[in-house]
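Here is the structure we will look at.
The values are calculated or read from the model by the stated rules, or taken from the named source; none is laboratory data. All of these numbers come straight from a predicted model, not from anything done at the bench. No Cβ is skipped: glycine too gets one built from the backbone with ideal geometry, and neighbour counts run over all protein chains shown. When the accessible area is computed, the model is the full protein with side chains, heavy atoms only, and any ligands, DNA or RNA have been set aside. Shrake-Rupley method; radii C 1.70, N 1.55, O 1.52, S 1.80 Å.
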Amino acid sequence: MSQTQSPAASTPIKWSPSTTGLVSRLRDQQNYYATVVVKGRPFTVTQNDIIVMDRIKDLELGDLLSLTQITELGSRDYTIKGQPFVDPSLFNIKATVIEHPDGKLFTVTKKKRRTAHQKVTYHRNHYTMLRVSSINVTKI
């Protein structure tokens with residue numbers, strides 16, 4: 001695969017005047033929310049929210065993520081819904097890895113009837129915690 005970009009990828013998107021007006025109205029709002037899809041699961045978040053999700057092994061504490069799979073972006077008065085995702089050029093959402101906690105310990109007991117056979121195993125889930133540091137709607 002070559003390193004050059006296609007001409008269609010380098011040209012900016014031409015937005016209609018009505019879309020530009022609606023995005024500018026959304027930018028005038030104070031607080032935003034977004035429905036983010038991370039590892040196939042949707043989370044509705046605002047700024048400074050914490051997302052507790054299954055462990056992502058590649059991440060370390062303090063890593064900064066750019067969340068781009070957004071199905072809905074809005075405020076109290078206006079909402080942008082994607083089909084299936086909102087165009088990433090309309091927003092900028094950053095999240096920081098703050099912790100890798102372990103879940104509670106589960107006991108799994110297996111037993112066979114009428115024999116002395118018993119087996120006890122333990123299981124603990126691992127999680128990753130993300131803090132949404134910023135949600136911004138970009139100017140188009």
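Things to note:
- Dimensions of the chain from C-alpha coordinates, computed as largest minus smallest value along each principal axis and given longest first, are 76, 44, 30 Å.
- In a simple Cβ point-charge model (Lys, Arg +1; Asp, Glu -1; nothing else charged), region 19-127 has a dipole of about 1240 debye relative to its Cα centre.
- Annotation for region 1-110: GluC sites (Glu not before Pro) lying in DSSP loop with at most 12 further Cβ atoms inside 10 Å of their Cβ are E60.
- The apolar share of the surface of the chain, taken as the fraction of accessible area on carbon and sulfur atoms (1.4 Å probe, ligands and nucleic acids excluded), comes to 49 percent.
- Measuring nothing but how far apart in sequence close Cα pairs (under 8 Å, 6+ apart) lie, relative to its length, the chain scores a relative contact order of 28 percent.
- Annotation: per residue accessible area for region 53-103 equals 61 Å², rounded to a whole number [probe 1.4 Å, protein chains only].
- With 19 Å as the limit on Cα-Cα distance, the pairs of K14/K94; K14/K139; K94/K139; K57/K81 that go past it are K14/K94; K57/K81.
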